[in-house]
Amino acid sequence: AQTVTQSQPEMSVQEAETVTLSCTYDTSENNYYLFWYKQPPSRQMILVIRQEAYKQQNATENRFSVNFQKAAKSFSLKISDSQLGDTAMYFCAFKAAGNKLTFGGGTRVLVKP
Amino acid sequence: SAVISQKPSRDICQRGTSLTIQCQVDSQVTMMFWYRQQPGQSLTLIATANQGSEATYESGFVIDKFPISRPNLTFSTLTVSNMSPEDSSIYLCSARTTPGTIYFGEGSWLTVV
């Protein structure tokens with residue numbers, strides 16, 4: 001079974017600064033997808049970024065980028081130029097050949113003005 | 001991307017009653033899923049809603065408690081039956097639009113009193 005671990009329960013960052021969230025996972029699969037979802041107080045799960053395991057290039061979406069280290073089974077998220085609207089819970093998730101998403105425990109990010 | 005709408009967004013329910021949550025996707029999708037997020041926790045998959053056949057439930061979830069319908073490729077319902085306070089959670093509908101992308105609805109926040 002796959003497991004996803006987010007070791008940082010909470011992170012705070014000053015507005016305009018950069019914060020990096022860590023995520024590690026355990027799997028015996030070779031082909032899979034990794035995701036970061038954002039859950040603001042509104043509760044909706046918003047897809048931030050995704051990475052396909054067979055792609056070596058790290059995914060980037062505007063101010064969000066990942067550092068995908070397949071051998072180390074690590075998938076960190078970097079939020080650059082943090083904005084107040086980035087305050088939310090962030091969940092790392094894993095999906096192999098099936099359709100089930102396995103989520104980490106989440107990291108609460110607080111952006112301070 | 002896909003726009004996924006859920007109703008109700010929030011409800012307070014009496015112990016012993018049942019509530020049906022509706023999920024509508026703005027395009028046809030092959031796979032729809034229902035997740036539960038208990039207070040302060042991460043997301044757990046309840047079941048995969050299969051169009052034209054019975055839902056596939058994850059370990060710990062049963063059809064009698066969480067009956068699911070999937071009458072077509074854009075719509076699904078989840079019923080939480082005979083509710084108890086332990087069922088107080090956010091219930092989220094999700095849909096797979098491409099092999100590697102899963103989007104979520106806004107969530108339905110149920111409180112059982």
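The values are calculated or read from the model by the stated rules, or taken from the named source; none is laboratory data. Predicted model only: the values in this text are computed from it and were never measured. For neighbour counting, all protein chains shown are included, and Cβ atoms are generated from backbone atoms with ideal geometry for every residue, glycine included.
Things worth noting here:
- Restricting attention to the range B:15-35, the residues that are surrounded by fewer than 22 Cβ atoms within 10 Å (Cβ to Cβ) and under 19 Å from B:V112 (Cα atoms) total 7.
- Residue that is nearest to the chain's Cα centre (by Cα), among those in the range A:1-23 that are closer than 18 Å to B:L43 by Cβ and assigned to a strand (DSSP E or B): A:L21
- Criterion violated by B:I12 - all others in (1) surrounded by fewer than 13 Cβ atoms within 10 Å (Cβ to Cβ); (2) in contact (Cβ under 8 Å) with a residue 24 or more places away in the chain; (3) not in a strand (DSSP E or B) satisfied: (3)
- Flag for A:K78 being within 11 Å of chain B (Cβ to nearest Cβ) and of a type in the set (D, E, K, R): no
- Extreme residue, farthest from B:N50 (Cα to Cα), among residues of the range A:73-100 that are of a type in the set (A, V, I, L, M) and at pLDDT 95 or above: A:L84
- Scanning the range A:1-37 for residues that are closer than 24 Å to A:E52 by Cα and either out of contact with any strand residue (DSSP E or B) (no Cβ under 9 Å at 6 or more places or on another chain) or of a type in the set (D, E) (or both) yields A:D26, A:S28, A:E29, A:N30.
- Condition met for A:K55 (of a type in the set (K, R), within 14 Å of chain B (Cβ to nearest Cβ) and either surrounded by 15 or more Cβ atoms within 10 Å (Cβ to Cβ) or touching a residue at least 24 places away in the same chain (Cβ under 8 Å) (or both)): no
- Scanning the range B:62-102 for residues that are in a strand (DSSP E or B), more than 13 Å from the chain's Cα centre (by Cα) and within 14 Å of chain A (Cβ to nearest Cβ) yields B:R96, B:T97, B:T98, B:T101, B:I102.
- When the residues of the range B:38-85 are filtered to those that are under 20 Å from A:K100 (Cβ atoms) and among the charged types (D, E, K, R), the one that is surrounded by the most Cβ atoms within 10 Å (Cβ to Cβ) is B:R70.
- Within the range A:31-52, considering residues that are in contact (Cβ under 8 Å) with a residue 24 or more places away in the chain and assigned to a loop (DSSP other than H, G, I, E, B), the one surrounded by the most Cβ atoms within 10 Å (Cβ to Cβ): A:M45
- Residues that are farther than 24 Å from B:I4 by Cβ, touching a residue at least 40 places away in the same chain (Cβ under 8 Å) and in a strand (DSSP E or B) occur at least once in the range A:68-75.
- Candidate set: the range A:25-52, residues that are within 10 Å of the chain's Cα centre (by Cα) and more than 10 Å from chain B (Cβ to nearest Cβ); chosen: the one nearest to A:A93 (Cα to Cα): A:W36
- In the range A:81-113, the residues that are away from chain B (no Cβ under 14 Å), surrounded by fewer than 20 Cβ atoms within 10 Å (Cβ to Cβ) and closer than 20 Å to A:P9 by Cβ: A:T87, A:L110, A:K112
- A single entry from A:S12, A:S76, A:S65 fulfils the requirement of being surrounded by 15 or more Cβ atoms within 10 Å (Cβ to Cβ), in contact with a Lys or Arg (Cβ under 7 Å, 6 or more places away or on another chain) and among the small types (G, A, S): A:S65.
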